[in-house]
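**Student:** Before we start, here is the structure in question, set down as structure tokens.
Where a number appears in this text, it was derived from the coordinates with a stated rule and is not lab data. Just so you know, these numbers come straight off a predicted model, no measurement behind them. Virtual Cβ from ideal backbone geometry, glycine too; neighbours counted across all protein chains shown.
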Amino acid sequence: MDASGQRDDRWHDWGFRHAWNLNLSAPREAVLAVGGFTIYPNPYGYEDLDLAWRLSERFGMAVVYRPEAIAPHEHAYAPEDYLLRELRLGYAAVGFAQRSRGCALATFRRDVLDAMEVALTRQQVHEGRGEAERLAEWFMGLGRMDGSSLTREDLDRMYREHLPLKRWCWRRGFVAAAEGQTRTPDLSEIMPRFTAAAGA
């Protein structure tokens with residue numbers, strides 16, 4: 001609490017799941033002591049969470065937010081880039097869980113490599129395909145939309161509405177890796193309607 005009795009968020013530990021390489025700093029000696037970044041079979045995703053998890057486990061290091069620590073990062077995402085990112089994260093999750101088991105269990109709060117979990121994820125991909133296709137057409141259209149008049153309520157609603165599509169893409173990438181596919185599938189491979197919606 002600060003002097004006014006309000007929570008002092010400057011020292012709130014947001015947890016390792018909020019440590020992202022976009023703008024992340026930690027003492028060099030501590031990073032070296034835990035072995036630096038882990039190299040995964042798929043070179044996309046989770047290395048930042050794993051590092052933060054090991055720093056927390058070994059040193060009790062907190063993840064704190066400092067808004068004044070600015071690192072300009074211009075990285076615009078088109079809707080298809082965003083969904084491809086989810087596919088890649090799902091695909092990379094298998095190698096992450098194999099190599100950094102403790103961190104993966106803490107990240108996902110379950111054993112994603114358990115045979116029943118894999119089967120459930122495969123079933124969710126199958127059953128969610130229709131909704132994902134429907135949402136894809138709407139979501140791809142957001143890239144052509146003028147967002148200048150959107151309110152916070154509009155953005156919150158759109159965020160909630162897109163979540164089933166986001167989760168479906170992650171799961172589809174995960175299933176591809178769990179089934180031994182040698183690369184992340186492309187959006188057009190998993191759902192041709194993505195390509196059609198993107199070009200509309």
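**Student:** Counting only other residues whose beta carbon sits under 15 Å from that of residue 154, what net charge do I get with K and R as +1, D and E as -1? Write out the running numbers ahead of the final one.
**Tutor:** Values: positive: 152, 157, 160; negative: 146, 153, 156, 161.
Overall, the nearby charge balance is -1.
**Student:** To continue, here is another question. Kindly provide the GluC sites (Glu not before Pro) of the stretch 96-179 that DSSP labels as loop, not H, G, I, E or B, and whose Cβ sees at most 13 other Cβ atoms within 10 Å.
**Tutor:** For GluC sites (Glu not before Pro) across the stretch 96-179 that sit outside H, G, I, E and B with at most 13 neighbouring Cβ atoms in 10 Å, the list reads 179.
**Student:** Continuing with the same structure: Points 7 angstrom from Cα along the Cβ direction at residue 142 and residue 10: gap in nanometres?
**Tutor:** 3.5 nm
**Student:** If each of residue 129 and residue 111 carries a label point 7 Å out from its Cα toward its Cβ, how far apart are those two points in nm?
**Tutor:** That separation, rounded to one decimal, is 3.0 nm.
**Student:** Which order do peptides 62-73, 97-108 fall in by mean Cβ count within 10 Å, highest first?
**Tutor:** In decreasing order of mean packing, 62-73, 97-108 become 97-108, 62-73.
**Student:** How much net charge surrounds residue 17 when only other residues with a Cβ under 13 Å from its Cβ are counted (Lys, Arg +1; Asp, Glu -1)?
**Tutor:** Details: positive: 109; negative: 13, 48, 50.
Spelling it out: positives minus negatives among the neighbours equals -2.
**Student:** Provide the net charge surrounding residue 183, with neighbours chosen by a C-beta distance below 14 Å and charges set as Lys +1, Arg +1, Asp -1, Glu -1.
**Tutor:** -1
**Student:** Just from its helices, what would the mean residue ellipticity at 222 nm be for the chain, if runs of 4 or more DSSP H residues each count -39500 (n - 2.57) and the sum is divided by every residue, rounded to the nearest 500 deg cm²/dmol? Could you put the intermediate results ahead of the total?
**Tutor:** Values: 8 runs with 114 residues, N = 200.
Per the formula, -18500 deg cm²/dmol.
**Student:** Kirkwood hydrodynamic radius, the chain, all distinct C-alpha pairs: what's the number in Å?
**Tutor:** One over the average 1/r among Cα pairs gives 19.0 Å for the chain.
**Student:** Roughly how many nanometres apart are two label points built 7 Å out from the Cα toward the Cβ at residue 31 and residue 159?
**Tutor:** Rounded to a tenth, the inter-label distance reads 2.9 nm.
**Student:** Sticking with this one: Relative contact order for the chain using alpha-carbon pairs under 8 Å, separation at least 6, rounded to a whole percent?
**Tutor:** 25 percent
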